[in-house]
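Note sheet for the following structure.
The values are calculated or read from the model by the stated rules, or taken from the named source; none is laboratory data. Keep in mind that this is a model prediction, so the values were computed, not measured. Cβ sites come from the backbone with ideal geometry, for glycine too, and all protein chains shown count toward neighbours.
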Protein chains: 2
Amino acid sequence: MNEFELIARLTKSLPTNASVVTGAGDDCAVLDLGIPEELILFKTDAVVEGIHFTSETPPQKIGHKALARCLSDVAAMAGTPGAALITIALPKDFEATFVEKVYEGINSLAQRHGVAIVGGETTTNPERMLISVSLLGTVARGRQILRSGAKIGDAIFVTGELGGSLAGKHLDFEPRLAEAQWLASHFPIHSMMDLSDGLAGDLPHILNRSQVGAELLKSALPIARDAKLRAESNSAAKPAALAALTDGEDFELLFTVASKHAVALLDAWKKQFSPLKLSCIGKIVAGTGISLRDKSGVHKLNAGGYAHFAGSTKAG
Amino acid sequence: MNEFELIARLTKSLPTNASVVTGAGDDCAVLDLGIPEELILFKTDAVVEGIHFTSETPPQKIGHKALARCLSDVAAMAGTPGAALITIALPKDFEATFVEKVYEGINSLAQRHGVAIVGGETTTNPERMLISVSLLGTVARGRQILRSGAKIGDAIFVTGELGGSLAGKHLDFEPRLAEAQWLASHFPIHSMMDLSDGLAGDLPHILNRSQVGAELLKSALPIARDAKLRAESNSAAKPAALAALTDGEDFELLFTVASKHAVALLDAWKKQFSPLKLSCIGKIVAGTGISLRDKSGVHKLNAGGYAHFAGSTKAG
C-alpha cells in the first residue's frame, strides 16, 4: 500500500459532525461554526528537514516556507487567513538563535498577511527539525472554491510559471492570497487548488473530484526560467516542459472557469496583476485523466505520456 | 537558553490581529471570529515516538493519546471540541495496518466526544513516528476559564489522582471534558488548566499568570495507586508524594475557586461524578511560587523543597 492508497483508506470512514461543510480531501477543511456571513477554513501542513529544506537552508526561509505553504492552501479556497499555531520539533542540539530566525521568517510573512501567531509548542525530534503549522482562515459563505466544481468545457488556468522551484522559489514564494480573492470576487471560478506536487500530480485531484478529464496544450505551459536553464545546461536533466509538469513546489493557483469568461478574465488579470503571468493551458473534457496535445497529436499523460518527453527536445 | 527561556523569547513579539482574545500561553488560544454566542478555541499538540510513546505501544493507544492530549486542553478552557486535523509523520518502513490502528484510536475517542476528523496529512520523518493534532473547539462567550484568574484566598482543587501515569494512564486517560463544562456552568471557577507536566511544574503557570502564590497541603495530595505501588516496591523510586507532584502526564484538571464555594462544590461534585475523586489540595496566597505544608512546617517547593522529599518517608 502506498501513501495515497493509505490516505484513501484512512479518510473513508472519518468521524464527522454537523459543523463539517467539506472534510478531508480539499485544500482546506471547511466548517460552519455559526459565523453569520462566513465559513471557517482549517488547514495543517508540515515541513521536515532533509525533505522540504536542508541543514543549509537559511532559517528565516524555513519559517517562511512553513507558513507560506499553509497560506497557499487558504488562497486555494479563496479564503483569508486569520490565526496560526506553530509546532516546532527540535533536535537535541538545537541553537536558540536558529529557532528565533525561523520565527523571524514566520512572523514577517504573517504580518504581511494579517495573520496572528497565537501559540503552538516546541517538542523534541532528535534527528531533524520538523515544523507543523496549523492555520485558521475564513471565507464568505458560498464563496469557497473547491476542487470538485470543474465542468466540461471549462478553460484551465495557472498563475505564474511552473518547474524548477527547487532552484529557490520553493523557499521564498509569496502565497497567491490577493490573486485568489480577486478571482473569486470577479469571476465565477468553478474549481481551484494550489500546486504543490506539480501540475501532473495535482490536476488529477480536480479531475477526480469533479469526475472529468483535461486536455492540456503543451505549448501553452508557462515554463519557469529555472526549469529551462536546468534543461539547457544539463543533458541529463528533465526536458523543461516535463519539469513544469512534474517538479512540484510551484505554489501557484490552478483553476477552471467557463470558457466564455476566459478572454475577459485574461484582460482583467493583466490590468490587475501584471507582470504576474496568467496562462490558459487547456480545457476540461469528458472522461478521466490528463491528455497532452503537442505538434504530434494528443497523448494520454501516464507512464506512456511521460515516456514521450524522453524523445522530445528539451526546449519542449 | 533552555526550552522555557526560548519560548518566553519567541512569544514576546508574535504578530497579532483583532480576532485574538487570548494568544500564546494558555491551554488554548481564544479567538473571536464573530460567532454570536461563542468564541473559538485553537490548540495543537504533538506526540513523538521514544518520548510520548515507544515502539512497543499499541497503535490504538498512540492515536488515543495524541487526540486526548488536545481534548484535555479544550477541557481546561471549559470548552467543547469540534474538529481536528491529524498530521502523521511516518518512518520510511511504516506499516499501513499500524497507521490504520492509530486512526482507530483517534476515531474512537473522537466519536465519543462528537469531534469531526476533517483531514490532515501524512509526511515523512525517517527515524520515528510523530503525530501532531490540531483542534478547534468552542466555548460560550465569557465562559472560557484562563490560567490568569486565580485570586488570593481561592481554594485549589484537582480532579482524580496524581502520579504514576507512566504505568498506563498516560495512554488511555479520558479527557475531563464533561467535568470541566459542568464546573464552569455551576461554579464561578477563577482559573483552570490541565496537568501535563506534573502539579509542581504546571501550577506555577497559574501562579505566574495570576501573580499569586500557592500553599499546598502535602497530606491532601491525591496520590495514585500506581505511584504508591512503585514507591513501595522500589526503594530507589521517588517517594509517592513527590511522584504525585512531579511525574507528569496526569491529564487531570487543576482549578481554583473562591473558598466560600469549596464545600458546596465538593458536595455537588460527589453527586455528579462519584467515584471520580475531587480534592482540595491547598489555597492561593500572596507572593510567588509553591509552598508545601507538612507535619514539620511549610517548605518552599524549589530545589530545597524537593530535597526535603528525599528525607521523608516514601508513603509521603
**Message:** Condition (residue is under 22 Å from B:Ser19 (Cα atoms) and in a loop (DSSP other than H, G, I, E, B)) applied to region A:84-107: is it met by at least one residue?
**Reply:** no
**Residue match in region A:42-55 (condition: more than 11 Å from every other protein chain (Cβ to nearest Cβ) and not in a strand (DSSP E or B))** = yes
**Request:** Kindly check whether there is at least one residue in region A:10-23 that is of a type in the set (Ser, Thr, Tyr), within 9 Å of chain B (Cβ to nearest Cβ) and in a loop (DSSP other than H, G, I, E, B).
**Result:** yes
**Asked** So is B:Ala66 in contact with an Asp or Glu (Cβ under 8 Å, 6 or more places away or on another chain) and closer than 24 Å to B:Ala8 by Cα or not?
**Response** no
**Request:** Would you please name the residue that is farthest from the other protein chains (Cβ to nearest Cβ), looking only at residues in region A:110-148 that are among the charged types (D, E, K, R) and farther than 21 Å from B:Gly25 by Cβ?
**Result:** A:Arg143
**Prompt:** Going through region B:62-106 one residue at a time, which ones are away from chain A (no Cβ under 12 Å) and of a type in the set (Ser, Thr, Tyr)?
**Reply:** B:Ser72
**Item:** Residues satisfying the stated conditions in region A:93-141, i.e. acidic (Asp, Glu) and under 30 Å from A:Asp32 (Cβ atoms)
**Value:** A:Glu121
**Message:** Looking at the structure I just gave you, is A:His170 closer than 21 Å to A:Cys28 by Cβ and more than 10 Å from chain B (Cβ to nearest Cβ)?
**Reply:** yes
**Complete:** Expected single match for surrounded by 23 or more Cβ atoms within 10 Å (Cβ to Cβ) and either of a type in the set (Lys, Arg) or in the same structural domain as A:Gly248 (by TED's automatic domain parsing) (or both) among A:Lys101, A:Lys92, A:Lys65 is A:Lys65
**Asked** Has region B:157-180 got at least one residue that is farther than 21 Å from B:His261 by Cα and of a type in the set (Val, Ile, Thr)?
**Response** no
**Message:** Looking for something free of Cβ contacts under 8 Å to residues at least 40 places away in the same chain and more than 30 Å from A:Gln111 (Cα to Cα) - is there at least one such residue anywhere in region A:220-233?
**Reply:** yes
**Asked** Within region A:26-35, can you find the residues that are assigned to a loop (DSSP other than H, G, I, E, B) and more than 7 Å from chain B (Cβ to nearest Cβ)?
**Response** A:Asp26, A:Asp27, A:Cys28, A:Asp32
**Residues satisfying the stated conditions in region A:8-20, i.e. crowded, with 19+ Cβ neighbours inside 10 Å and within 22 Å of A:Arg69 (Cβ to Cβ)** = A:Leu10
**Item:** Within region A:84-116, tally of residues that are in contact (Cβ under 8 Å) with a residue 12 or more places away in the chain and among the basic types (Lys, Arg)
**Value:** 2
**Prompt:** Does A:Gly23 qualify as being surrounded by fewer than 21 Cβ atoms within 10 Å (Cβ to Cβ) and either of a type outside the set (Lys, Arg) or farther than 26 Å from B:Asp73 by Cα (or both)?
**Reply:** yes
**Item:** Every residue from region B:54-71 that is out of contact with any strand residue (DSSP E or B) (no Cβ under 6 Å at 6 or more places or on another chain) and farther than 11 Å from B:Gly105 by Cβ
**Value:** B:Thr54, B:Ser55, B:Glu56
